[in-house]
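Written out below as structure tokens is the structure these notes cover.
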């Protein structure tokens with residue numbers, strides 16, 4: 001096998017972008033590009049909450065139809081210059097420049113791109129991993145949907161007095177899921193399947209506000225929307241432990257200089273609260289793929305490897321990392337670049353350009369640390385869009401979010417294929433609205 005190999009591990013937002021860019025920048029057949037992923041589809045993760053909460057009423061869409069709105073066949077997205085291997089990476093040896101795959105195959109690389117994605121971060125909370133559902137992938141979202149559907153059916157038959165769902169994490173994933181789930185229940189109420197009081201959705205957040213990375217105004221808008229929909233919000237509150245059918249909450253630990261009365265936790269005097277939980281959904285954080293640390297690479301607490309502004313792994317000339325696998329510090333604020341899809345795509349463009357430049361003997365470029373807009377759906381045809389000092393709320397925000405989704409699909413597919421994929425998803429995902 002030729003040694004002129006570029007191996008990209010992971011076909012998420014970052015890995016796919018590197019592959020698409022390199023096949024244009026390196027038209028010469030002397031270089032072979034490999035893209036490795038254990039799944040055969042590229043998953044548009046921002047729509048996973050739609051899969052988990054898709055319409056539950058009469059003539060509800062099948063799982064296959066729901067999946068078709070966020071899954072794209074990887075092979076169909078790539079040109080002839082990229083060879084896709086559906087396999088699982090079991091070992092990375094940077095010194096020997098080799099990748100070991102589950103099926104026994106070994107790939108040698110001249111350049112390697114680490115884009116293996118993330119896993120849920122349970123922060124060592126006892127019982128949480130064993131008893132909570134997550135959004136790690138399509139299978140997780142469908143499993144969550146089946147459990148919700150089962151609770152709805154049991155409630156309809158009178159086998160369940162009330163559906164109690166607790167969501168851990170008031171960031172984007174938790175807020176979006178809570179908002180769309182209650183929208184789905186309200187839709188069932190309108191059709192007479194459920195009645196008011198048949199469910200309780202509780203959103204638990206360890207910080208004093210929702211969507212804490214956004215402005216105070218944006219956080220307040222999200223809080224007001226969820227409370228209006230009937231979601232119970234518990235701030236400054238941590239999950240202490242989880243067990244089948246119940247969860248134990250506690251006020252968050254105090255920071256230096258804080259007093260207990262500074263917290264807005266509603267059960268401060270008791271210091272602990274036990275709640276019934278038919279379903280626990282964990283959306284409280286992610287960490288990098290654990291394979292990086294297992295293979296001897298130096299990682300931080302979240303499993304990320306340190307990279308420079310050229311997206312090269314520290315002390316390695318031919319290994320690049322991006323997205324959830326990369327720890328890239330912004331020198332302007334000394335903060336790590338957030339683990340966002342937009343950041344992964346921007347980093348991927350830098351990595352692809354620099355790999356091509358190294359091969360062609362050209363100058364390398366640096367990541368510019370752009371500021372990204374955020375788009376957070378809040379149930380129905382409503383979303384909060386924040387960019388710098390501008391905030392768009394409600395239907396206008398929803399339209400902007402839809403435009404952002406379509407823009408991404410257009411970046412990886414031909415025009416008519418992207419439009420067909422986008423509108424197919426919109427049709428099925430707006431049945432609750």
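Each peptide among 318-327, 333-342, 85-94 gets the average number of other Cβ atoms lying within 10 Å of its residues, and from highest to lowest they stand as 318-327, 85-94, 333-342. The ranking of 374, 134 by Cβ neighbour count inside 10 Å, starting from the fewest, reads 374, 134.
Sorting 417-423, 75-81 by their mean Cβ neighbour count within 10 Å, with the most densely packed peptide first, gives 417-423, 75-81.
Highest average first, the peptides 122-132, 15-25 ordered by how many other beta carbon atoms sit within 10 Å of their residues are 15-25, 122-132. Here region 389-404 is scanned for amide nitrogen atoms under 16 Å from the site 7 Å beyond the Cα of residue 190 along Cα-to-Cβ, giving 395. For a test of the definition: using alpha carbon positions, the gyration tensor, and the 1.5 limit on a/c, classify region 381-433 as rounded, prolate or oblate. In terms of gyration-tensor shape, oblate.
Percent of alpha carbon pairs in region 106-195 separated by more than 22 Å? So the pairs more than 22 Å apart make up 44 percent of the total in region 106-195.
For region 84-116, the residues whose amide N sits under 16 Å from a probe point set 7 Å from the Cα of residue 364 along the beta carbon direction are 110-114.
Short-range pairs are left out: with C-alpha atoms under 8 Å and at least six residues apart, the relative contact order of region 128-282 is 28 percent.
For region 356-413 versus region 297-313, the inter-centroid distance based on Cα atoms is 24 Å.
Find the relative contact order for region 263-319 and round it to a whole percent, using C-alpha pairs within less than 8 Å whose residues are 6+ positions apart. Dividing the mean separation by the residue count of region 263-319 yields 17 percent. Beta bridges per DSSP, both residues in the chain: antiparallel share near 50 percent. As a length-normalised measure over Cα pairs under 8 Å and 6 or more apart, the relative contact order of the chain settles at 18 percent.
Computed from Cα atoms, the angle from the helix 13-25 axis to the main principal axis of the chain rounds to 30 degrees. Taking Cα atoms only, the orientation of helix 341-360 departs from the longest principal axis of the chain by about 0 degrees.
Rounded, prolate or oblate for region 128-282? Axes are the square roots of the Cα gyration tensor eigenvalues, ordered a ≥ b ≥ c, and the cut-off for rounded is a/c under 1.5. Prolate.
Bear in mind that the values in this text are calculations on the coordinates, not laboratory data. Given the structure is predicted, the values throughout are model-derived calculations rather than measurements. Neighbour counts are summed over all protein chains in view; Cβ atoms, including those assigned to glycine, are modelled from backbone coordinates with ideal geometry.
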